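See below for the structure under consideration.
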Amino acid sequence: MLLVVGTAGLPGSVAAQELHINATDVPLRTALDEVRQQAGINLVFADRLVEAAPRVSCLYRGTDAAAALACVLSGTNLRANETRTGQFVLVATEAEGPEPPPLRASMAGFVTDAVSGEVLPGAHVYVASLERGTVTNEAGYFALPALPVGPYRARVSYVGYAPEDTVLTAGAPVTLLALQPQEVQAEALQVDARRSERSDLAVLPGVVSTPTRELEQLPSFSGESDLFQALQWMPGIQRAGELTGGLVVRGGQSDHNLYLLDGAPVYHPWHAFNVVSTFQTETFKNMSLYRDAFPAEHGGRLSAVLDAEMRDGSQAALQGVAALSLLSGRVVLEGPLRDDLSFMVAARRSYIDQIAGSRHPVEQGGVRDTLRTGYFFYDLSAKTTYRPSTQHRLSLSYYGGGDHLDLRLPFDLSLDFSSWLRPADLFFELDHNWGNQLISARHQYLPSDRFFVTTTAYASGYRARERSLIRPSEVSTITSAYDVRLWDLGAKVDVDFYASLDHQVRTGLRVRRHLFDSTLDAELQRSPRAVETLEEDSQARAYELTAYAQDTWTPGPRWTIQPGIRFSYFSGGRHAHVRPRLNARYVALPGLLSVKAGGGLHVQYLHRLRDRSTFLYDLVSSRWIPSDEEVRPSTSRHVSAGLELQPLPWLRLGVEGYARRARHILIPRDELQRPAGLNGGGIDTGALLGQYAPGESRAYGLELLATADLGAWQLRATYHGGRSKSRSRGLGEESFRPTRFDVPRALRATVQRETDRWIWGLSTEWRNGYPTTVPEARFVLGDVLDDEPTRFLHRPEVNNGRLPTYWRTDLSLGYRFGMLGAPARVQLNLFNVFGRRNIVSRQYDPAPEAGVTVRNRRGFPLLPLFELHVEL
């Protein structure tokens, strides 16, 4: 029996419209009716052919009715012939002789957040029938190439989202897949342990790619939304100090880390004298920290690379967050501007200057003055994303932030704070500001389902401005104007090529121009007739070219091997380096045990230095100098290996060992040098380098990680055991000695419990004390008739001692409630709840009569901190 089914109207009168076919294991007639109704077409077929056909599955989104029919008829031995516009006839393929070879095509698509529309990089797409899978790139795109045309059952999963079982069709247009965020029920008995990395980064040892939603739950000093403070709870990562100082990753130097924000470098990512960072966790959609093992696209540093991407902005509705902590207030807003355009904007500012005031009129004995104690920091982040089609995505990102310090105080300060606010003939003034500014533009383009191209252009700058006026006596005055400017102008192109099921190739090209400028204009007036002036200007320019290639090879369902190579050329000194990398992962027991290892070589062309001899300038600035004919680039080689074990659904264990050797690093000639006066060596690069000597370092260690997720309870424990040592033969050192922040053993643990209303957490940190240099002898030089002979301490060995063990416990308590109809949370954080005054540094000075005076600087006592957090 021949049937003709269709819609009313003339053939071809129905305009092309978007088709959404989602059929899973349904009768063929049902699927055909769905296509007919959505496309507005006529179908002609023999009833016996349709009834005899097997059940079908099809997932199709597009405007091509013929493609939708091909998707539905795949695997049925039927095909659709278009006889005239809007009319198709179904015929059996057997009647036309031998079946031709199957057509091959790609299965491709984007994975997004179903609520916000944000792309999900690192989502896993697995096809069980092929025993193969793939992962999405930074734009959320995936492709499985050269598959026989037809439907395939697939599972799509991502950290923190409910997995989706669906049917994908090879040969269909690019598919959009949306995953629903998965909320963990507070009172659930047990849930799956959370993975610590994105699927696309699983091959790399040492990588940290915890979702930002989980990082926000980790303890943070002062209640700030601070990415760097959250990262300290990962093994092998610590601060260079108790609360201040840069990040030390696996024993490296803090300037051996590269920080990227939407592809642009950030040179000074700190506020409040390194207490909090410029990276606010709430503004990021994803973050990856590579420790030692970098993918080939990243380089330029020896220890770590932090790659953070700002949120594109919700496509669903206007939403945001407002929060107030002890240090600052902040707000984050995001939402759609129209269907294909969204935005995100975030602002933060400290407010202590608004409460305590920054200007203080004082009067004493008829003398009036205005003293100043002003300080604040601020951040402004913004991003807009335009999505004209699935083939194109354009984004524009901006970040600007900085610190401002404005002081005018008496020169002879004491610990009696009340004595500060008085008129003074002898005083000092400081007007310092420093910060970062960057803009980044990115275009992501899908020219075909097997190629994905990302083009990025950026300008990133750091500037510090130090103005000082000091009047130490009635007749002497010192003024100083010091400026540091650094600009990076760069462009890069990255291409993903999906060659086959076994090979995914990524290549790229980068070009950067570095501009370094420093100026110093100082005047020292010892008396009205004795005036010394100092005017200096230092400039440097350099180009950096980089090309790389990397292949992610999957020879089997259990193996992933990632060889890569990176070539770089630096115009300063005409340095050229080829640096290979190799990483591999083997799944020994699926779902239970995996092993990974890696090794490679790195090079760093930039060095961060400061004048250690003066307190007139280089007080808050970060100054970088490029490699040249005299200053060699630093190089390193590393190896690392580890395993991950999930013995129980709620428990994850990890162990990893590493070793790194670095050469041509710059080591201070005198680790204990203190500013000795106003006149330093100047800002000339040669004078600055005279305070440093080339050296080498080595670091090795073992890291342990355990995470448990038991519904309302979350537990995390990390252990790091290792050493970090350095030496400089130019300083006469033959053996390696501990570096400044060498910590042989460190243990951190945190436990948190959440209910519908209450959140409480307990965290603790235990580690060995930092190294310290203990003097071995005391000498006195001078004539017996001298009133004040010179006394000094003999320190033949650097870092030959160690401070006492550091131990601290913090407590947090939060409560959820509603505020004007919006979800809100108030949280109290007790830093150092037991009030233990840890010794964080130690100073030795010769005593006036005999012996040595020991001065200990202790850490913070018990500090109560708070945060109010409201969802808008």
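The values are calculated or read from the model by the stated rules, or taken from the named source; none is laboratory data. What you see is a predicted model, and the numbers here were worked out from it, not measured in a lab. FYI the Cβ positions are ideal-geometry reconstructions off the backbone, even for glycines, and counts take in every protein chain you see. Keep in mind that these areas ignore ligands, DNA and RNA; they rest on the heavy atoms of the full protein, side chains included. Shrake-Rupley method; radii C 1.70, N 1.55, O 1.52, S 1.80 Å.
Quick look at the numbers
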quantity: Amide H within-cut-off set for Val149, under 5 Å, with H built and near neighbours excluded; calculated: Leu103, Arg104, Ala105
quantity: For the chain, share of DSSP beta bridges that run antiparallel, in % to the nearest 5; calculated: 95 percent
quantity: Two-site FRET efficiency, Asp64 against His443, from Cβ-Cβ distance with R₀ of 30 Å, rounded to 0.05; calculated: 0.65
quantity: Förster radius 22 Å - calculated FRET efficiency between Glu82 and Leu176 (Cβ-Cβ, nearest 0.05); calculated: 0.25
quantity: Prolate/oblate/rounded label for region 500-552 (Cα gyration tensor, a/c 1.5); calculated: prolate
quantity: Sequence of Asp165, Asp449, Asp483 when ordered by accessible area, the most exposed leading, probe 1.4 angstrom; calculated: Asp165, Asp449, Asp483
quantity: Rg to Rh, two decimals, where region 461-602 supplies the alpha carbon set and Rh follows Kirkwood; calculated: 1.32
quantity: Å² per residue, accessible surface of region 596-655 at 1.4 Å; calculated: 37 Å²
quantity: Carbon/sulfur fraction of accessible area - region 34-169, other protein chains in place, 1.4 Å, %; calculated: 51 percent
quantity: Average Cα contact separation per residue, the chain, under 8 Å, 6 or more apart, as relative contact order %; calculated: 8 percent
quantity: Two-site label geometry, Arg467 and Ala847: point separation in nm, points 7 Å out along Cα→Cβ; calculated: 4.7 nm
quantity: Region 251-406: C-alpha gyration tensor shape, a/c 1.5 cut-off, then a/b vs b/c; calculated: oblate
quantity: Where labels lie 7 Å past Cα in the beta-carbon direction, separation of Thr809 and Leu380 in nm; calculated: 4.6 nm
quantity: Accessible solvent surface per residue of region 710-775, calculated while the other protein chains remain in place, 1.4 angstrom probe, Å²; calculated: 43 Å²
quantity: FRET efficiency, Val493 to Gln391 (Cβ-Cβ, R0 25 Å, nearest 0.05); calculated: 0.90
quantity: Region 691-731 - Rg and Dmax from Cα coordinates, angstrom; calculated: 18.8, 57
quantity: Hz values of 3J(HN,Hα) by residue in region 68-84 - Karplus curve (6.51, -1.76, 1.60), Gly and Pro given as x; calculated: 5, 5, 4, 5, 5, 7, 4, x, 10, 6, 10, 9, 10, 9, 7, 8, 7
quantity: On Cα atoms only, tilt of 28-39 relative to the major axis of the chain in degrees; calculated: 70 degrees
quantity: Estimated inter-spin distance, Asn22 and Arg526, nm [label 7 Å along Cα→Cβ]; calculated: 8.3 nm
quantity: MRE, 222 nm, helices only [DSSP H, n ≥ 4, -39500 (n - 2.57), over the chain, to nearest 500]; calculated: -1500 deg cm²/dmol
quantity: Long-range amide H partners of Asn799 with built H, under 5 Å; calculated: Thr773, Val774
quantity: Cross-link reach list, lysines versus Lys492, counting only Cα pairs under 28 Å and skipping chain neighbours closer than eight places; calculated: Lys285, Lys383
